[in-house]
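The block underneath contains the structure these notes are about, expressed in structure tokens.
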Amino acid sequence: MRKVILATLGALLMSGGSAPAQNYPSHPITLVVPFSAGGPTDAMARIMADGMKTALGQSLLIENVTGAGGSIGVGRVARAAPDGYTVSIGHLGTHVANGAIYKLDYDLVTDFEPVVLLPSNPMIFVSTNAVPAKTLPELLAWMKARPSPPTAGTAGAGSASHVAGLYFESVTGIKLQFVPYRGTAPAMTDLVAGQIEVIVDQTSNSINQVRAGTIRAYAVTAEKRVETAPDIPTTDEAGLPEFHMSLWSGLWVPKGTPKDIVAKLNAAAVDAMNDPVVRKKFENLGLQMPPKDQLAPEALGALQKSEITKWWPMLKAANVKME
Ligand code: ASP
């Protein structure tokens, strides 16, 4: 009897959940993308998953768990076993803003272990081609002259496009009519079709449409122009110098995940981001690689906390109504 119990225990230990960290990973890892497939977070997740596979010797399978500004997908990871097999990808919206906007049943800081900071995305002002403005000052004048607020697609309350839209409202005093989607991929489809008028989008999501001429870009919210889209001015150049925003992203695992598993995931992600093929893919999308001295898990934890201090007052003051 004792032998049977020991054998069963041994089998359980080998089977994954509580497998020793040295054997990690012994089966595929789930990477939970909290927004629609084809959007900017999904694109980043797929590039990282491809790159990390080499170092980990296992696949990272993407699961899109969408809705409520990404808070549903992040909650799925908060409740997962802390064994390194369920990883959360998110950004300033999901891992900072959502805590000020939703009554979450998890804590964004104490229920997760930060893993690594990922590339960041300048935001970009884009409109459907039917909007008559050609420059950012013309866009602002057009918005002000309208009888009703322009419709602005977002990936839901608390998403990056929504936070950037609220920031835009607070800087310009211009109101937007937010239209929530489960990600900016479906919002982009509607922008191209003229169903909505603008998005304060992540550059990586808009850049190919801008290149194809199916939507119009007015400015990127970065200090320098995006190298792979040099025609688009910065907000400084286009006349809105108060508006700077770079959307960082990161990876997290549930609280209690063993330190050496976090370290393995971190090392695999850093390896991937050093790979020239991966870097090229990110650069083509207008993304900026994270600074080399910010790649330790603690750096992401510190950034997340300082961003909570920076953004929560504005978000709480905006008194966002859930759509
Ligand atoms: N990251 C979201 C997406 O992938 C967009 C957003 O947060 O605005 O769709």
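Results, tabulated for the structure shown:
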| read-out | value |
| --- | --- |
| Filter result for ALA152 (more than 30 Å from GLU298 (Cα to Cα), of a type in the set (A, V, I, L, M) and open to solvent by 10 Å² or more (accessible area, probe 1.4 Å)) | no |
| Some residue of region 174-193 being under 30 Å from ARG76 (Cα atoms), modelled with pLDDT under 95 and surrounded by 20 or more Cβ atoms within 10 Å (Cβ to Cβ) | no |
| Residue that is open to solvent by less than 40 Å² (accessible area, probe 1.4 Å) and either more than 16 Å from the ligand (Cβ to nearest atom) or under 20 Å from the mean Cα position of the chain (by Cα) (or both), where the choices are VAL277, VAL253 | VAL253 |
| Residue match in region 47-57 (condition: assigned to a loop (DSSP other than H, G, I, E, B) and open to solvent by 40 Å² or more (accessible area, probe 1.4 Å)) | yes |
| Within region 77-102, considering residues that are within 13 Å of the ligand (Cβ to nearest atom) and not small (Gly, Ala, Ser), the one farthest from LEU118 (Cα to Cα) | ILE101 |
| Breaking point among (1) over 17 Å from VAL116 (Cα atoms); (2) within 10 Å of the ligand (Cβ to nearest atom); (3) not polar (S, T, N, Q), for GLY73 | (2) |
| Single residue of THR94, THR110, THR128 found to be among the hydroxyl-bearing types (Ser, Thr, Tyr), open to solvent by 20 Å² or more (accessible area, probe 1.4 Å) and at pLDDT 95 or above | THR110 |
| Close pairs (8 angstrom Cβ cut-off, 6 or more residues apart or separate chains): under 16 Å from LYS281 (Cα atoms) in region 46-62, in a helix (DSSP H, G or I) and open to solvent by 20 Å² or more (accessible area, probe 1.4 Å) anywhere | ILE47/LYS281; GLY51/ASP271; GLY51/VAL277; MET52/ASP271 |
| Subset of region 194-224 that is within 16 Å of the ligand (Cβ to nearest atom) and open to solvent by 30 Å² or more (accessible area, probe 1.4 Å) - its residue that is nearest to GLN288 (Cα to Cα) | ASN208 |
| Residue within region 292-304 that is surrounded by fewer than 16 Cβ atoms within 10 Å (Cβ to Cβ), not in a helix (DSSP H, G or I) and not small (Gly, Ala, Ser) present | no |
| Residues (within 26 Å of ALA97 (Cβ to Cβ), away from the ligand (no atom under 15 Å from the Cβ) and surrounded by fewer than 21 Cβ atoms within 10 Å (Cβ to Cβ)) located in region 230-250 | THR234, ASP236, ALA238, PRO241, GLU242, HIS244 |
| The lone exception for LEU139 - which of (1) under 15 Å from the mean Cα position of the chain (by Cα); (2) assigned to a helix (DSSP H, G or I) it fails | (1) |
| Close pairs from region 175-198: first closer than 18 Å to GLY158 by Cα, partner in a loop (DSSP other than H, G, I, E, B) and open to solvent by 40 Å² or more (accessible area, probe 1.4 Å), Cβ under 6 Å, at least 6 apart | LYS175/PRO149; LEU176/PRO149; GLN177/PRO149; PRO180/GLU323; ALA185/GLY38; ALA187/TYR181 |
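The values are calculated or read from the model by the stated rules, or taken from the named source; none is laboratory data. Bear in mind that the values here come from a model prediction, so they are computed numbers and not experimental data. As a convention, Cβ positions derive from the backbone with ideal geometry for all residues, glycine included, and neighbour counts pool all protein chains shown. To get the accessible areas, we keep the full protein, side chains included, count just its heavy atoms, and leave off ligands, DNA and RNA. Shrake-Rupley method; radii C 1.70, N 1.55, O 1.52, S 1.80 Å.
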